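In what follows, a structure is listed as structure tokens, so that the remarks can point back to it.
The values are calculated or read from the model by the stated rules, or taken from the named source; none is laboratory data. Fair warning: this is a prediction, and the values are worked out from it, not measured in the lab. All Cβ positions, even for glycine, are placed from backbone atoms using ideal geometry, and neighbour counts span all protein chains on display.
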Amino acid sequence: MSKLCLLLLLSFSWSVLADNAKASRANLDNVYSVGEFRIFYTLEGIHALPIEQREDQNNNGIPDYIEHLALKLQAAAVLYTDVFGFTHPLASKRYQGKARYLDVHVLTMEDKGSVGDEVTKFRYQKLKDKTDHVLIIKLANNLRDQTMTPPHELFHVFQNGYTMFKNRWYTEGTARWAEYAFKEGVGEDSRLPNNPQALVLLVEEDYGASVFWNRLAYLCDRNAGQFPLPAIAQQRITSYPHPFEDNRVHGYSFIKHLLENLQEQSDKVTQERGYAAYNWDEDDQKYNPDNHVPIFCAVKQAIRQTCDTQQQNEPELLAFIQAVDQAIDIYTQQRCD
């Protein structure tokens, strides 16, 4: 078989698998709606909720597992918007007026969760009145009780509302930072990179980059490592823990400025590279090494906007900024404004 035929066959196979996966999700036949979230699940077929996740101690007809996922998502949305001041995806420049809901598909899947970044008109075959333009989050149907997957995946949706950049050292690293608003402690950190070679290693990371973002959040913290718990923190689902383990996190003002700066950099890159607005190729969003410079430019600007140049913090921050400038000179012709 020629390479061309093999490629065509593989392309067709993946297309069929994708269509079948979408078709199976279209058959989800139960929905629990809370605010902007619609949680779709089923008790039949390959995506059936496991028996152990069907407990309904409050006897309201909704599995406690589904209510717990919904509460986690609600709590995260309230925290990100009302406390941290982030722009809600449905109110963002990218999605406002285009998507009406955040639809959550609870599925049998190998990963814990994932999100889509495109507005989809999703058709539910057994719930035809629920067809609408939506953003989709997929969550596994067997997550542990204290899962941080819902706030982690929702943070990705917030990221997508701001910027097209999806290089994993940024997306996964900052999403791990967000998890610590819900779990005990503030997460591990390590001293900032202080030479170009260390920056090269940083951008090859994904989840491991969280120690970098945690460090910046600590050095640029304006909230004494705490945040005010929203009222929703008092809610819980019977037999499940409260959505917040404590109210500690560093640097949410820094992260807010970072996201806003990334939006500016993303818009600038769209024009410079001649991309269609909000329609970059997936590889350009996720893997293009040319994205590293505008992301670092956004970081530098956020440092200027939020970091208190106390004597003990200033040398480390200045050494990091100098390393970024040196790396730009060595590896690329791009510049920060």
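Using the structure shown, decide if residue 236 is loosely packed, with under 15 Cβ neighbours inside 10 Å, under 17 Å from residue 313 (Cα atoms) and out of contact with any strand residue (DSSP E or B) (no Cβ under 6 Å at 6 or more places or on another chain). For residue 236, the condition - loosely packed, with under 15 Cβ neighbours inside 10 Å, under 17 Å from residue 313 (Cα atoms) and out of contact with any strand residue (DSSP E or B) (no Cβ under 6 Å at 6 or more places or on another chain) - is not met. Screening 49, 90, 127 for residues that are surrounded by fewer than 22 Cβ atoms within 10 Å (Cβ to Cβ), of a type in the set (A, V, I, L, M) and at pLDDT below 95 leaves exactly one candidate, 127.
Kindly check whether there is at least one residue in segment 150-159 that is farther than 30 Å from residue 32 by Cβ, modelled with pLDDT of 95 or more and touching a helix residue (DSSP H, G or I) at 6+ places or on another chain (Cβ under 9 Å).
Within segment 150-159, not a single residue is farther than 30 Å from residue 32 by Cβ, modelled with pLDDT of 95 or more and touching a helix residue (DSSP H, G or I) at 6+ places or on another chain (Cβ under 9 Å).
In a loop (DSSP other than H, G, I, E, B), crowded, with 20+ Cβ neighbours inside 10 Å and of a type outside the set (Val, Ile, Thr): is that true of residue 292 in this structure? For residue 292, the condition - in a loop (DSSP other than H, G, I, E, B), crowded, with 20+ Cβ neighbours inside 10 Å and of a type outside the set (Val, Ile, Thr) - is not met.
In segment 149-200, of all residues being of a type in the set (Lys, Arg) and closer than 16 Å to residue 244 by Cα, the one that is surrounded by the most Cβ atoms within 10 Å (Cβ to Cβ) corresponds to 176. Is it the case that residue 113 is modelled with pLDDT of 95 or more, buried (at least 19 other Cβ atoms within 10 Å of the Cβ) and not polar (S, T, N, Q)? Taking the combined requirement at face value, the residue satisfies it. Note on segment 97-139: residues that are in contact with a helix residue (DSSP H, G or I) (Cβ under 7 Å, 6 or more places away or on another chain) and not in a strand (DSSP E or B) amount to 6. Can you confirm whether segment 250-265 contains a residue that is closer than 29 Å to residue 147 by Cβ, of a type in the set (Val, Ile, Thr), surrounded by 15 or more Cβ atoms within 10 Å (Cβ to Cβ) and modelled with pLDDT of 95 or more? Yes, there is a match, as at least one residue in segment 250-265 is closer than 29 Å to residue 147 by Cβ, of a type in the set (Val, Ile, Thr), surrounded by 15 or more Cβ atoms within 10 Å (Cβ to Cβ) and modelled with pLDDT of 95 or more. Apart from one condition, residue 286 fits all of (1) modelled with pLDDT under 95; (2) in contact with a Lys or Arg (Cβ under 6 Å, 6 or more places away or on another chain); the exception is (1).
What are the residues in segment 192-213 that are within 18 Å of residue 321 (Cβ to Cβ) and touching a Phe, Trp or Tyr at 6+ places or on another chain (Cβ under 9 Å), if any? Within segment 192-213, 192, 193, 194, 196, 199, 200, 202, 203, 209, 212, 213 meet the criteria.
Taken residue by residue, segment 236-259 has no member that is assigned to a helix (DSSP H, G or I) and without any contact (Cβ under 8 Å) to a residue 40 or more places away in the chain. The residue pairs whose first member lies in segment 56-71 and is on the phi < 0 side of the Ramachandran plot, whose second member is in a loop (DSSP other than H, G, I, E, B) and buried (at least 20 other Cβ atoms within 10 Å of the Cβ), and whose beta carbons are closer than 6 Å, counting only pairs six or more residues apart or on different chains, are 56/63; 64/237; 67/237; 68/237; 71/237; 71/243.
Close contacts from segment 28-48, counting a first residue that is on the phi > 0 side of the Ramachandran plot and a second that is crowded, with 21+ Cβ neighbours inside 10 Å, with Cβ to Cβ under 8 Å and a gap of 6+ residues or different chains, come to 35/77.
Taking each residue of segment 198-226 that is in a helix (DSSP H, G or I) and looking for partners that are acidic (Asp, Glu) with beta-carbon atoms closer than 6 Å, six or more apart or interchain, yields 207/172; 211/188; 211/189; 214/189; 215/189; 218/189.
Looking at segment 223-242, which of its residues are hydrophobic (A, V, I, L, M, F, W, C) and touching a helix residue (DSSP H, G or I) at 6+ places or on another chain (Cβ under 6 Å)? Correct list: 227, 232, 237. For segment 90-120, a residue qualifies if it is farther than 16 Å from residue 160 by Cα and in contact with a Ser or Thr (Cβ under 7 Å, 6 or more places away or on another chain), and exactly one does: 112.
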